[in-house]
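Visitor: I have a structure I would like to understand better, so I am pasting it below and will then ask my questions one at a time.
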Amino acid sequence: MALFDLPFDELREHRSASVAPEDFDAFWSKTLQEAREHDLDARFEPVDTGLSTVDVYDVTFAGFGGHPVKGWLRLPAGATGPLPLVVEFIGYGGGRGLAHENLLWASTGRAHFVMDTRGQGSAWGGGGGTADPVGGAPAFPGFMTRGIDAPENYYYRRVYTDAVRAIEAARSHPLTDATRTVALGASQGGGITIAVGGLVPDLAAVAPDVPFLCDFPRAVTLTDRHPYREIALFLKTHRGRSADVQRTLSYFDGVHFAARGRAPALFSAALEDQTCPPSTVFSAFNSWAHEDKEIEVYDFNDHEGGGPYHEAAKLSWLRAYA
């Protein structure tokens, strides 16, 4: 697929048509307040992986509704002092994987926390282990329309809340340095990263790669790839409900969290990306409130984005922050 979205000069200036609800901040303040009424109950159980350079802990903490959420904490073997902390969120359909996977960030001398995504972990990778015990109204198969009848019921209300609680759980470990906490992830993980960047006021930095969950009004009408396509197919059946659906999605749109971003940010976009079109990524980047922000652009890549090249860019960029 050749370039299909806006010309690059227009991407640099593109802004979303999505409008934040008047009660956006109150909605999220109440949501997080209710979640914190449950004891975080973060538990770290050592895992015998056979690795000699990385220690791994099986983590359980209380997320949205007090529901148990899983994760991995990976530390450089034998670490004794507070370490810079990288908290990672996973792409759509994936889970935390197996204990011995994903060793890059611990290999840099940082603590690395990976959050499992509730209800997912069965489409690719090493799997996941976190259920989503909340039911919902009729939905198109997938996660994008679960509970889309109202913001209070929407699936990503639970996921974003889990993500904030994941930051809190990771920071509660005695070997992590809360003042040097970085959030990052790709695709869905990038969208969750942007949400966390707008909800957690004291992160050291964020790095969302080819982020999903941004600029819903444009994404749903621009691309026919899944997962955004799930929303269009739901509306194809539920005729006349577009306004209600867009209202729900406005509480979860990355552009509104970006407008509240209070940490330095490194974004990435790929100009042939039909899964997360570049204009939707630039909508969030251009809305990001912190003045220290950069975006790496990969001209001839689809949703794989920069891949290992962007990993190298993040490794270099993060040295200044954590």
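Visitor: Would you please name the residue that is surrounded by the fewest Cβ atoms within 10 Å (Cβ to Cβ), looking only at residues in region 75-132 that are over 21 Å from Thr60 (Cβ atoms) and β-branched (Val, Ile, Thr)?
Guide: Only one residue tops the list, namely Thr80.
Visitor: On to the next question. Count, please, the residues in region 103-152 that happen to be under 27 Å from Asp25 (Cα atoms) and in a loop (DSSP other than H, G, I, E, B).
Guide: 19
Visitor: Being free of Cβ contacts under 8 Å to residues at least 40 places away in the same chain, within 19 Å of the chain's Cα centre (by Cα) and part of a strand (DSSP E or B), is that true of even one residue in region 75-93?
Guide: no
Visitor: Can you tell which of Glu34, Glu45 is within 30 Å of Glu101 (Cα to Cα), free of Cβ contacts under 8 Å to residues at least 40 places away in the same chain and not in a loop (DSSP other than H, G, I, E, B)?
Guide: That would be Glu45, the only listed residue that is within 30 Å of Glu101 (Cα to Cα), free of Cβ contacts under 8 Å to residues at least 40 places away in the same chain and not in a loop (DSSP other than H, G, I, E, B).
Visitor: Mind listing just one residue for me: the one in region 282-304 that is out of contact with any strand residue (DSSP E or B) (no Cβ under 8 Å at 6 or more places or on another chain) and part of a helix (DSSP H, G or I) and, of those, least open to solvent (accessible area, probe 1.4 Å)?
Guide: Ser283
Visitor: Right, here's the next one. Just to be sure, is Arg146 open to solvent by less than 40 Å² (accessible area, probe 1.4 Å) and either closer than 18 Å to Thr49 by Cα or of a type outside the set (A, V, I, L, M) (or both)?
Guide: no
Visitor: Any residue at all in region 225-245 that is in contact with a Lys or Arg (Cβ under 9 Å, 6 or more places away or on another chain), farther than 26 Å from Val164 by Cβ and not in a loop (DSSP other than H, G, I, E, B)?
Guide: yes
Visitor: Quick test of your reading of the structure: Thr179 fulfils all but one of (1) closer than 18 Å to Leu85 by Cβ; (2) open to solvent by less than 50 Å² (accessible area, probe 1.4 Å). Name the failing condition by number.
Guide: The single condition Thr179 does not satisfy is (2).
Visitor: Pick from region 305-319 the residues that are without any contact (Cβ under 8 Å) to a residue 60 or more places away in the chain and more than 14 Å from Trp105 (Cα to Cα): which of them is least open to solvent (accessible area, probe 1.4 Å)?
Guide: The selected residue is Gly307.
Visitor: When both residues are 6+ apart or on different chains and their Cβ atoms are under 6 Å apart, which pairs have a first residue that lies in region 117-136 and is within 13 Å of Tyr154 (Cβ to Cβ), and a second that is open to solvent by 50 Å² or more (accessible area, probe 1.4 Å)?
Guide: Gly136/Arg146; Gly136/Asn153
Residue-by-condition table, conditions (1) assigned to a loop (DSSP other than H, G, I, E, B); (2) at pLDDT 95 or above; (3) touching a helix residue (DSSP H, G or I) at 6+ places or on another chain (Cβ under 6 Å):
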position: Glu22; (1), (2), (3): yes, yes, no
position: Ala26; (1), (2), (3): no, yes, no
position: Asp39; (1), (2), (3): yes, yes, no
position: Gly50; (1), (2), (3): yes, yes, no
position: Tyr57; (1), (2), (3): no, yes, no
position: Phe61; (1), (2), (3): no, yes, yes
position: Val69; (1), (2), (3): no, yes, yes
position: Trp72; (1), (2), (3): no, yes, no
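Visitor: Here's a follow-up. Evaluate the following for Ala137: is it open to solvent by less than 40 Å² (accessible area, probe 1.4 Å) and not aromatic (Phe, Trp, Tyr)?
Guide: Answer is no for this residue.
Results for (1) among the small types (Gly, Ala, Ser); (2) on the phi > 0 side of the Ramachandran plot; (3) within 16 Å of the chain's Cα centre (by Cα); (4) open to solvent by 10 Å² or more (accessible area, probe 1.4 Å), shown as yes or no for each residue.
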residue	(1), (2), (3), (4)
His226	no, no, no, yes
Thr237	no, no, no, yes
Arg241	no, no, no, yes
Arg247	no, no, no, yes
Phe257	no, no, yes, no
Ala263	yes, no, yes, no
Phe267	no, no, yes, no
Cys276	no, no, yes, no
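The values are calculated or read from the model by the stated rules, or taken from the named source; none is laboratory data. The structure presented is a predicted model; accordingly, all values stated were derived computationally and were not measured. Virtual Cβ from ideal backbone geometry, glycine too; neighbours counted across all protein chains shown. Just the protein is used for accessible areas: all its heavy atoms, side chains included, with ligands, DNA and RNA removed. Shrake-Rupley method; radii C 1.70, N 1.55, O 1.52, S 1.80 Å.
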